[in-house]
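*Asks:* I am attaching a structure below and will ask some questions about it afterwards.
All of the numbers you see were taken from the coordinates with simple rules; none came from a lab. For clarity, every value in this text was computed on a predicted model and none was experimentally measured. When we count neighbours, we look across all protein chains shown, and the Cβ atoms used for this are built from the backbone with ideal geometry, even at glycine.
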Amino acid sequence: MDQELLKHCTEVAQKWATDPAFDAETQAEVKAMLEADDKSQLIDAFYQTLEFGTGGLRGIMGAGTNRMNRYIVGSATQGFANYINKAFPKGGKSVVVGHDCRNNGRMFAETVANIFSANGIKVYLFESLRPTPEISFAIRQLGAVAGVNVTASHNPREYNGYKAYWDDGAQVLAPHDKGIIDEVNKVKMEDVKWEGNPDLIQIIGGEMDWDYLQAVREAMVDQDVILRQKDLNIVYTPLHGTGRVIIPEALRSWGFQNIHVVPEQMVIDGNFPTVVSPNPENSEAMTLGMKLGTKLNADLVIASDPDADRLAIVCRNAKGEWEILNGNQTCMMFAWYIIANKKKLGQLRGNEFLVKTIVTTELIRKIADKNGVELQDCYTGFKWIAALIRENEGVKKYIGGGEESFGFLPFDKVRDKDSPASICLICEIAAWAKDNGKTLYDLLMDIYAEYGFSYNKTINVVRPGKTGADEIKAMMENFRSNSPRSLAGSPVCCTKDFKTLEATDGQGNKTPLQMPDTSNVLQWFTENGTKVSVRPSGTEPKIKFYLEIPETLASASDYDRACAAAEKTAEAIAKELGL
């Protein structure tokens with residue numbers, strides 16, 4: 001055990017255990033850690049202070065500097081308020097504050113609102129839980145300079161988090177993220193202004209819901225097809241989260257009339273009692289939805305995660321069985337439909353662009369290139385997609401962007417991934433497919449037939465705590481020092497290191513990568529078209545490996561074979577990488 005680290009953690013914990021600034025419950029929890037023989041919990045709770053990553057501030061709830069609690073939220077908010085007051089020295093500033101269904105969410109949101117108002121900043125506080133994209137929309141709609149949404153997105157129930165937004169409705173980017181952290185690090189507990197100013201806190205709700213629902217309709221491509229297929233049989237579940245407030249109403253506003261919800265999961269509950277984890281990427285979370293879908297003979301089953309920024313789509317495959325589309329397939333289908341049908345309806349003017357993250361399927365590039373639409377790449381995290389929307393505003397028209405982790409944004413009135421708009425649009429796509437005598441699965445196979453097939457797999461290596469963080473760091477250093485020369489028998493022809501912003505070809509020649517900042521990501525491309533991306537998660541204690549493997553696909557009936565063959569290649573690559 002690192003004795004210096006233990007000493008540091010003990011000193012900080014002792015202050016928490018004795019300082020009257022901390023409540024009795026917190027002090028008791030910390031004292032128990034100090035008295036325990038096993039110091040691992042103490043170290044994990046105090047070895048660092050939570051910082052903004054790709055998704056803001058996020059951690060396990062509990063006492064400690066490395067935990068989500070009233071004091072860390074309070075310190076972060078005081079630092080955020082200090083930064084806002086420096087960045088916008090004139091009066092009249094406002095922020096938007098919201099939260100999702102998680103335990104302590106309302107308490108954290110009210111704490112945030114009180115501290116902002118105590119610092120002279122007007123607060124628009126949502127009356128109850130609301131989707132993340134609506135928070136982003138409200139910042140833009142109200143002309144606020146910033147915002148906070150208290151959410152841990154799709155993380156397990158013991159987590160909560162804090163997404164920080166800037167005046168364009170996007171999550172905070174450099175230099176503001178670093179500036180906020182600098183201000184947060186200056187804050188001492190006695191500096192936090194806990195007592196709010198009620199005159200500066202305004203509760204918002206239904207009026208903003210209406211405005212947001214009207215904006216979501218701008219993502220619609222072809223209303224006529226919806227009117228023809230208004231009875232599309234839809235099953236929806238919010239997984240106990242915020243989607244229940246908006247999504248059924250959004251679907252009705254688009255013209256869909258045959259909407260069913262999973263009643264057990266319409267119950268707001270931060271313990272997520274009907275799922276192991278409220279992550280729509282996990283098939284287990286979709287079990288109740290598929291069960292109801294079978295009972296009702298539904299056309300598709302759709303879910304949103306707790307803060308309703310991500311979505312999952314389940315459709316019937318060629319055998320009539322339920323199949324969950326992965327995030328790459330979802331993103332690819334959105335891109336194809338937006339381009340193909342805007343083109344057919346004469347809605348493309350030649351200045352449109354799409355965005356995908358660097359770890360998302362390259363098939364989207366093939367679709368865009370073949371149809372003469374520009375595709376831009378960016379880092380993982382929707383703040384980077386938002387940055388490209390802002391950068392191109394007034395010059396090029398954004399028509400959609402997404403990432404492999406089940407997030408998509410089909411219009412520009414929001415600057416974060418948006419499941420209400422995306423769910424409405426995927427139902428339009430299903431309606432279009434049905435109008436043409438097809439299912440969503442049939443459409444997916446058609447896209448593969450035209451643009452080629454690739455198999456996508458994500459491998460998550462979880463390493464929690466301080467020792468896990470050290471291990472992940474060592475893994476990245478090892479991959480940089482010992483980059484593979486081939487993967488599953490195919491030579492690596494290009495290595496991209498986004499930490500050094502250099503691409504190296506098979507002969508060792510280097511060229512610069514044009515990106516707005518550095519990022520701890522490695523990518524390997526092989527001669528047969530395989531792509532492997534490696535990056536530590538910015539919000540969870542894991543390192544992620546994204547594999548994209550091309551495979552021949554003769555027809556829909558060949559899909560299972562192609563997937564099985566690619567899976568064997570994926571297993572070989574994983575073994576070569578020591579996973």
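*Asks:* Please list, ordered by chain and number, the residues whose modelled amide H lies under 5 Å from the amide H of His260; skip anything fewer than 5 residues away on the same chain.
*Replies:* Ile234, Val235, Tyr236
*Asks:* If you bin every alpha carbon distance in segment 41-167 into 5 Å steps from zero, what whole percent lands in each bin?
*Replies:* With 5 Å bins starting at 0, P(r) equals 2, 12, 23, 24, 20, 11, 5, 2, 0.
*Asks:* Same structure again: Greater than 22 Å separation of Cα atoms is the criterion. Which listed pairs, Lys15/Lys473; Lys86/Lys396; Lys383/Lys510; Lys473/Lys496, meet it?
*Replies:* Table pairs above 22 Å Cα-Cα are Lys15/Lys473; Lys86/Lys396; Lys383/Lys510.
*Asks:* So, one more: Report the extension gain between Met515 and Arg390 in nm, rounded to one decimal, defined as 0.36 nm multiplied by the number of residues separating them, less their alpha carbon distance.
*Replies:* Working: separation 125, 0.36 × 125 = 45.00 nm, distance 1.54 nm.
Length gained between Met515 and Arg390: 43.5 nm.
*Asks:* Largest first and in whole Å, what are the equivalent-ellipsoid semi-axes of segment 354-415 based on the Cα gyration tensor, each being the root of 5 times an eigenvalue?
*Replies:* They are 16, 15, 9 Å, listed from largest to smallest.
*Asks:* Within 14 Å, Cβ to Cβ, of Gln229, how many net charges do the neighbouring residues add up to if Lys/Arg are +1 and Asp/Glu are -1?
*Replies:* Combined, the nearby Lys, Arg, Asp and Glu give -2.
*Asks:* One quarter of the convex hull surface, Cα atoms only: what value does that give for segment 326-453 in nm²? Spell out each step's value before the answer.
*Replies:* On the way: hull surface 28.6 nm².
Mean projected area of the Cα convex hull: 7.1 nm².
*Asks:* Compute the signed sum of charges (Lys and Arg +1, Asp and Glu -1) over the other residues within less than 13 Å, Cβ to Cβ, of Met515.
*Replies:* -3
*Asks:* Once the mean 1/r over all distinct Cα pairs of segment 520-579 is inverted, what Kirkwood radius in angstroms do you read off?
*Replies:* Value: 12.9 Å, from the Cα pair sum.
*Asks:* So what is the orientation-averaged projected area of segment 173-315, using the convex hull of its C-alpha atoms, in nm²?
*Replies:* Values: hull surface 50.9 nm².
Mean projected area of the Cα convex hull: 12.7 nm².
*Asks:* Rank by packing, highest mean first: peptides 96-106, 151-161, with packing defined as the count of other Cβ atoms within 10 Å averaged across residues.
*Replies:* Most protected by this proxy first, the peptides run 96-106, 151-161.
*Asks:* Run the helix sum for the chain: -39,500 (n - 2.57) per DSSP H stretch of 4+ residues, divided by residue count, reported at 222 nm to the nearest 500 deg cm²/dmol.
*Replies:* Working: 18 runs with 229 residues, N = 579.
Only helices count here, giving -12500 deg cm²/dmol.
*Asks:* In debye to the nearest 20, how big a dipole does the chain give about its Cα centre with +1 on each Lys and Arg Cβ and -1 on each Asp and Glu Cβ?
*Replies:* On the way: 64 positive and 77 negative charges, 168 e Å.
It comes to approximately 800 debye.
*Asks:* Can you give the alpha-carbon Rg of segment 166-242 over 2.2 N^0.38 Å, where N counts its residues? Can you show the working numbers first?
*Replies:* On the way: Rg = 21.2 Å, N = 77, 2.2 N^0.38 = 11.5 Å.
In units of the 2.2 N^0.38 Å rule of thumb, it is 1.85.
*Asks:* Still on this structure, I have one more. Pairs of Cα atoms under 8 Å, at least six residues apart: use those to get the relative contact order of the chain, whole percent.
*Replies:* 12 percent
*Asks:* Sticking with this one: Highest first, please rank the peptides 330-336, 491-497 by the mean number of other Cβ atoms sitting within 10 Å of their residues. It would help to have the intermediate numbers written out before the result.
*Replies:* Numbers: 330-336: 25.9, 491-497: 17.6.
By packing density, highest mean first, the sequence is 330-336, 491-497.
*Asks:* If R0 is 22 Å, what FRET efficiency do you get for Lys319 and Ala340 from their C-beta distance, rounded to 0.05? Walk me through the numbers on the way to the answer.
*Replies:* Working: r = 27 Å, r/R0 = 1.21.
It comes out at approximately 0.25.
*Asks:* Another question, then. For a quick check: with amide H placed at 1.01 Å from N, whose amide H comes under 5 Å from Val355's, ignoring anything fewer than 5 positions away on the same chain?
*Replies:* Sorted by chain and number, the residues that satisfy this are Gln376, Gly400, Gly401, Gly402.
*Asks:* Could you tell me the largest-minus-smallest coordinate of the C-alpha atoms of segment 21-99 on each of the three principal axes, in descending order and whole angstroms?
*Replies:* For segment 21-99, the Cα extents along the three principal axes come out at 53, 29, 23 Å.
*Asks:* Hey, any idea what the orientation-averaged projected area of the convex hull of segment 483-554's Cα atoms comes to, in nm²?
*Replies:* 6.3 nm²
*Asks:* A further question on this structure: Which residue, Phe406, Ala431, Ser454, has the largest displacement toward the positive end of the dipole of segment 402-468 when charges sit on each Cβ (Lys, Arg +1; Asp, Glu -1)?
*Replies:* Phe406
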